[in-house]
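Structure record follows, encoded as structure tokens.
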Amino acid sequence: MQSFQEMTLEELIREGGYDCDCGRHHGTGLKYLKIGRGAAGFLPEAMATLGFKKPFIVCDAHTKAAAWERVRPALAAAGIEYVLYTLEGDPIEPDEHAVGALCMNFDPRCDCVLAVGSGVINDCCKVLAHAVGRPQMVVGTAPSMDGYASNSSSMIRNRVKVTLYNACPCVILADTDILCQAPERMLWAGLGDMLAKYIALCEWRISNIVTGEYYCERVAGLMRHSLDKIVTAAPRLMTRDPDTIAAIAEGLILSGIAMSFAQVSRPASGLEHYFSHLWEMFAMDRGLPTELHGIQVGVGTRLCLHIYDRLRAVTPSRAVAEQAMADFDPARWEAEIRRIFGKAAQTLIDSERTLWHQNDPANHQLRLNRILGHWDELLAIMEAELPDTGRIVSLMRQVGMPMRPADIAESEQDTRDAFTGSRSIRDKYLTSSLLWDLGLLDTFPLDT
Ligand SMILES: [Zn+2]
Ligand SMILES: [Zn+2]
């Protein structure tokens with residue numbers, strides 16, 4: 001089988017997908033994709049191709065200003081009827097309130113959903129489309145995140161950041177005439193969301209060895225390819241030259257396809273995303289606004305690169321790891337989770353007790369044996385997957401994006417709490433889980 005990174009976009013999204021020797025079938029529900037100048041004008045053609053008649057269109061005030069005057073004339077010229085709904089709020093949180101508003105305003109005469117926006121709008125529309133059983137399309141307004149083509153939404157449910165798996169849009173129109181106008185911070189965010197992939201791929205392979213989690217080299221290869229595409233174009237990002245923005249958009253969409261193929265967020269998201277998720281949860285709890293996802297993730301990526309630089313210099317010790325486990329006090333852990341997560345803590349504590357058992361000494365022993373028995377292999381993975389930290393830091397500096405927690409008003413304490421809490425928010429094996437297993441998490445230095 002040809003490797004995914006050698007395929008064209010059309011081949012990647014072909015009907016029927018691909019059977020892979022990882023044992024999974026890789027396919028995407030994406031059927032129509034246009035990237036480039038004037039792509040929004042292809043909306044009537046995309047709809048005709050898929051047999052859609054009347055879209056329920058969702059935007060917010062910003063995305064309406066950015067793209068509606070490119071979408072509306074195309075619909076008018078083709079005589080397509082639609083229902084337009086503008087989500088209120090600034091910022092809009094992707095939570096029960098937003099999805100509830102969409103469901104309550106959805107017009108059942110519409111046979112498809114069209115998201116006009118980027119992260120939040122697209123994520124909410126995926127949930128809506130899934131709930132009302134309609135296919136979804138998107139006209140992107142910013143190259144700010146990699147969720148356009150993914151089959152999941154990053155949402156807030158019961159005040160906890162969760163990934164909801166639904167379906168990827170069947171139409172994506174990435175119009176560089178719109179994307180080039182995106183605010184500077186959104187361009188940074190797209191780059192930050194992609195730099196994360198270095199950490200995500202490294203962690204995915206580590207987890208595959210330590211926990212036996214599913215891993216697919218072909219999907220990882222596709223993600224590495226989309227990452228290369230973006231890092232190559234990144235130095236010209238701020239020129240907003242349409243070819244560069246198109247390359248960035250293509251990389252972000254490829255990344256989403258890789259996620260759809262894997263059916264899990266693993267190839268796209270690791271500990272760097274958990275810094276972001278936890279910062280966001282803290283801000284929500286305090287009623288404060290949050291920074292853009294990709295910008296937080298970029299800052300998290302820099303933190304992770306430094307963590308790995310330190311970790312690679314460590315010689316793991318069975319004695320240290322076993323002593324830390326022997327000293328582990330479930331009551332103290334629970335108190336700490338309550339302090340870090342506040343109202344969201346109970347769900348996590350219950351999940352650990354009944355489902356995850358990550359703190360169980362026998363499970364720790366199994367993981368530790370795998371880590372110590374494969375340490376050279378783990379080091380080789382870090383060597384292969386991680387870029388030179390200095391190179392990434394200078395790229396971030398060159399485009400002028402925030403790099404340190406303090407640059408986005410995150411305190412040392414919140415950053416430390418995000419680091420500590422990350423391993424308890426899901427049963428996902430992260431770099432922080434590895435450090436906990438080695439008995440190093442509590443005192444491991446962070447280069448904030
Ligand atoms: Zn595979
Ligand atoms: Zn992301």
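The values are calculated or read from the model by the stated rules, or taken from the named source; none is laboratory data. Every value quoted in this text rests on a predicted model; they were computed, and no experiment measured them. In this analysis, Cβ positions are derived from the backbone assuming ideal geometry, glycine residues included, and neighbour counts consider all displayed protein chains.
Say whether the condition of being in a helix (DSSP H, G or I), surrounded by fewer than 19 Cβ atoms within 10 Å (Cβ to Cβ) and not aliphatic (A, V, I, L, M) is met by at least one residue in region 399-406.
no
Please enumerate the residues belonging to region 245-278 that are among the polar types (S, T, N, Q), outside any helix (DSSP H, G or I) and away from ligand 2 (no atom under 11 Å from the Cβ).
GLN263
If you check GLY79, GLY38, GLY89, which single one turns out to be of a type in the set (Gly, Ala, Ser) and free of Cβ contacts under 8 Å to residues at least 24 places away in the same chain?
Among GLY79, GLY38, GLY89, only GLY79 is of a type in the set (Gly, Ala, Ser) and free of Cβ contacts under 8 Å to residues at least 24 places away in the same chain.
Just to be sure, is GLY294 touching a residue at least 60 places away in the same chain (Cβ under 8 Å) and in contact with a Phe, Trp or Tyr (Cβ under 6 Å, 6 or more places away or on another chain)?
Considered against the rule, which asks whether it is touching a residue at least 60 places away in the same chain (Cβ under 8 Å) and in contact with a Phe, Trp or Tyr (Cβ under 6 Å, 6 or more places away or on another chain), GLY294 comes out as no.
Yes or no, residue by residue, for (1) farther than 27 Å from LEU278 by Cα; (2) more than 14 Å from ligand 2 (Cβ to nearest atom); (3) acidic (Asp, Glu); (4) touching a Cys at 6+ places or on another chain (Cβ under 8 Å):
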residue: GLY133; (1), (2), (3), (4): yes, yes, no, no
residue: GLN136; (1), (2), (3), (4): yes, yes, no, yes
residue: ALA149; (1), (2), (3), (4): no, no, no, yes
residue: LYS161; (1), (2), (3), (4): no, no, no, no
residue: GLY192; (1), (2), (3), (4): no, no, no, no
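Somewhere in region 267-280, is a residue closer than 28 Å to THR347 by Cα, aliphatic (A, V, I, L, M), in contact with a helix residue (DSSP H, G or I) (Cβ under 6 Å, 6 or more places away or on another chain) and more than 16 Å from ligand 1 (Cβ to nearest atom)?
yes
Would a scan of region 109-125 turn up a residue that is surrounded by fewer than 19 Cβ atoms within 10 Å (Cβ to Cβ) and within 30 Å of MET281 (Cβ to Cβ)?
no
Considering region 281-310 alone, what residues qualify as being out of contact with any helix residue (DSSP H, G or I) (no Cβ under 7 Å at 6 or more places or on another chain) and part of a helix (DSSP H, G or I)?
Across region 281-310, the qualifying residues are ALA283, MET284, ARG310.
Can you tell me which residue in region 314-368 is surrounded by the fewest Cβ atoms within 10 Å (Cβ to Cβ), limited to those that are within 26 Å of GLU280 (Cα to Cα) and acidic (Asp, Glu)?
The extreme case among them is ASP350.
Any chance region 232-240 includes a residue that's touching a residue at least 60 places away in the same chain (Cβ under 8 Å) and either within 16 Å of ligand 1 (Cβ to nearest atom) or of a type in the set (Ser, Thr, Tyr) (or both)?
no
Kindly list the number of the only condition in (1) within 30 Å of ARG240 (Cβ to Cβ); (2) within 23 Å of the chain's Cα centre (by Cα) that fails for GLY421.
(1)
Here is a yes/no grid of residues against (1) under 18 Å from HIS225 (Cα atoms); (2) within 16 Å of ligand 1 (Cβ to nearest atom):
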residue	(1), (2)
ARG14	no, yes
ASP19	no, yes
CYS22	no, yes
HIS26	yes, yes
ALA40	no, no
GLU45	no, no
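Those residues that are outside any loop (DSSP other than H, G, I, E, B), touching a strand residue (DSSP E or B) at 6+ places or on another chain (Cβ under 8 Å) and of a type outside the set (Lys, Arg), I need them from region 11-40; list them, please.
TYR18, ASP19, HIS25, HIS26, TYR32, LEU33, ILE35, GLY36, ALA39, ALA40
Residue pairs, Cβ under 7 Å, 6 or more apart or interchain, first in region 211-222 and touching a residue at least 12 places away in the same chain (Cβ under 8 Å), second part of a loop (DSSP other than H, G, I, E, B) and more than 10 Å from ligand 1 (Cβ to nearest atom). List them.
Matching pairs, first to second residue: THR211/TYR429; GLU213/TYR429; ARG218/SER3; VAL219/PRO267; ALA220/PRO267; GLY221/SER3.
Looking at region 210-221, can you tell me whether even one residue there is within 16 Å of ligand 2 (Cβ to nearest atom) and assigned to a helix (DSSP H, G or I)?
Checked region 210-221: no residue is within 16 Å of ligand 2 (Cβ to nearest atom) and assigned to a helix (DSSP H, G or I).
Looking at region 1-16, which of its residues are in contact (Cβ under 8 Å) with a residue 60 or more places away in the chain and out of contact with any Asp or Glu (no Cβ under 8 Å at 6 or more places or on another chain)?
SER3, PHE4, GLN5, LEU12, ILE13
Tell me yes or no: at least one residue of region 180-199 is in contact with a Gly (Cβ under 8 Å, 6 or more places away or on another chain), within 16 Å of ligand 1 (Cβ to nearest atom), farther than 25 Å from LEU33 by Cβ and outside the structural domain of THR63 (by TED's automatic domain parsing).
There is no residue in region 180-199 that is in contact with a Gly (Cβ under 8 Å, 6 or more places away or on another chain), within 16 Å of ligand 1 (Cβ to nearest atom), farther than 25 Å from LEU33 by Cβ and outside the structural domain of THR63 (by TED's automatic domain parsing).
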